[in-house]
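Here's the structure we're looking at; comments come further down.
The values are calculated or read from the model by the stated rules, or taken from the named source; none is laboratory data. Only a predicted model underlies this, so the values are computations on that prediction, with no experimental measurement involved. Using ideal geometry, Cβ is built from the backbone for each residue, glycine included, and neighbour counts are taken over all protein chains shown. Heavy atoms of the whole protein, side chains included, go into the accessibility calculation; ligands, DNA and RNA do not. Shrake-Rupley method; radii C 1.70, N 1.55, O 1.52, S 1.80 Å.
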Amino acid sequence: MTLESSCSLRYRVCVLLQLPAKPSATMVHWSAEEKQLISSIWSKVNVEECGAEALARLLIVYPWTQRFFASFGNLSSPTAIVGNPKVRAHGKKVLTSFGEAVKNLDNIKVTYAKLSELHCEKLHVDPENFRLLGDILIIVLASHFARDFTPACQFAWQKLVSVVAHALARKYH
C-alpha cells in the first residue's frame with residue numbers, strides 16, 4: 001500500500017464519519033439510539049455462523065484476500081471455502097473480536113491497538129481489507145436480521161464497521 005492510498009483511505013473514513021484527520025482519544029460520538037440499535041442486533045448474532053459466512057464471503061467475493069490464508073488449505077472454489085473448517089474457525093475468531101468493539105464503543109482505538117499492530121507489522125494485511133470485511137458484515141447482518149436491520153440500524157452498523165476499520169488501520173498511518 002502506498003502512502004498516497006493510505007492517506008486516501010484515512011481521508012475517506014474521516015469524511016464518512018466526520019472525524020478529524022488526526023483521531024482524538026474518543027474516535028466518534030455514539031447516540032443512545034445508535035448504541036441501542038447496535039446492541040440489539042449484536043445480542044441476536046450467532047458469532048460462529050455469521051463469522052464463518054462473513055469471512056467466506058470475503059474470500060469468495062474478493063479472491064485476492066485468499067493470499068493471507070494460504071495455510072487454510074483448499075480455497076479453490078466457493079464450495080471449498082464455505083466448507084473449510086479453518087475458514088469457519090477464523091471467521092468465528094474475527095467476529096468474536098468484533099464483539100469487543102460492541103462492548104467498547106467509546107474506546108475502539110485502544111481496543112484494537114494490538115490487532116492493528118499485528119496486522120500491520122507481522123501479517124502485512126492491506127488495510128483496505130478491513131473495510132471490505134466490514135461491508136460484507138453489513139450484508140450478512142442484513143440478510144440474517146432483515147426485519148430489524150432498518151436504515152437507521154444500517155447507519156449505526158456502517159458507522160461501527162468504519163470505526164473498527166479505521167482503528168485496525170491505525171498502525172499503518
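Within segment 134-154, track down each residue that is in contact (Cβ under 8 Å) with a residue 60 or more places away in the chain and among the hydrophobic types (A, V, I, L, M, F, W, C). Hits for segment 134-154 are Ile136, Leu137, Ile139, Val140, Leu141, Phe145, Phe149, Ala152, Cys153. Cβ-Cβ contacts under 9 Å between residues 6 or more apart (or on different chains), taken from a first residue in segment 71-87 that is closer than 16 Å to Glu49 by Cα to a second residue that is surrounded by 12 or more Cβ atoms within 10 Å (Cβ to Cβ) and among the acidic types (Asp, Glu), are listed as Val82/Glu53.
How about segment 155-173: which of its residues are touching a residue at least 40 places away in the same chain (Cβ under 8 Å) and among the β-branched types (Val, Ile, Thr)? Within segment 155-173, Val163, Val164 meet the criteria. In this structure, Trp30 does not qualify as aromatic (Phe, Trp, Tyr), at pLDDT 95 or above and surrounded by 12 or more Cβ atoms within 10 Å (Cβ to Cβ).
Could you list, in sequence order, all residues of segment 43-60 that are among the aliphatic types (A, V, I, L, M) and over 15 Å from Phe130 (Cβ atoms)? Within segment 43-60, Val45, Val47, Ala52, Ala56, Ile60 qualify.
Confirm whether Leu133 is assigned to a helix (DSSP H, G or I) and open to solvent by 10 Å² or more (accessible area, probe 1.4 Å).
On the way: assigned to a helix (DSSP H, G or I): yes; open to solvent by 10 Å² or more (accessible area, probe 1.4 Å): yes.
Yes: the conditions hold for Leu133.
Within segment 136-157, can you find the residues that are open to solvent by 50 Å² or more (accessible area, probe 1.4 Å), in a helix (DSSP H, G or I) and either among the basic types (Lys, Arg) or touching a helix residue (DSSP H, G or I) at 6+ places or on another chain (Cβ under 9 Å) (or both)? Spell out how you get there, then give the answer.
Looking only at segment 136-157, we keep the residues that are open to solvent by 50 Å² or more (accessible area, probe 1.4 Å), and these are 139, 143-144, 146-148, 150-151, 154-155.
Subset that is in a helix (DSSP H, G or I): 139, 143-144, 151, 154-155.
Ile139, Ser143, His144, Gln154, Phe155 - these are the residues of segment 136-157 that are open to solvent by 50 Å² or more (accessible area, probe 1.4 Å), in a helix (DSSP H, G or I) and either among the basic types (Lys, Arg) or touching a helix residue (DSSP H, G or I) at 6+ places or on another chain (Cβ under 9 Å) (or both).
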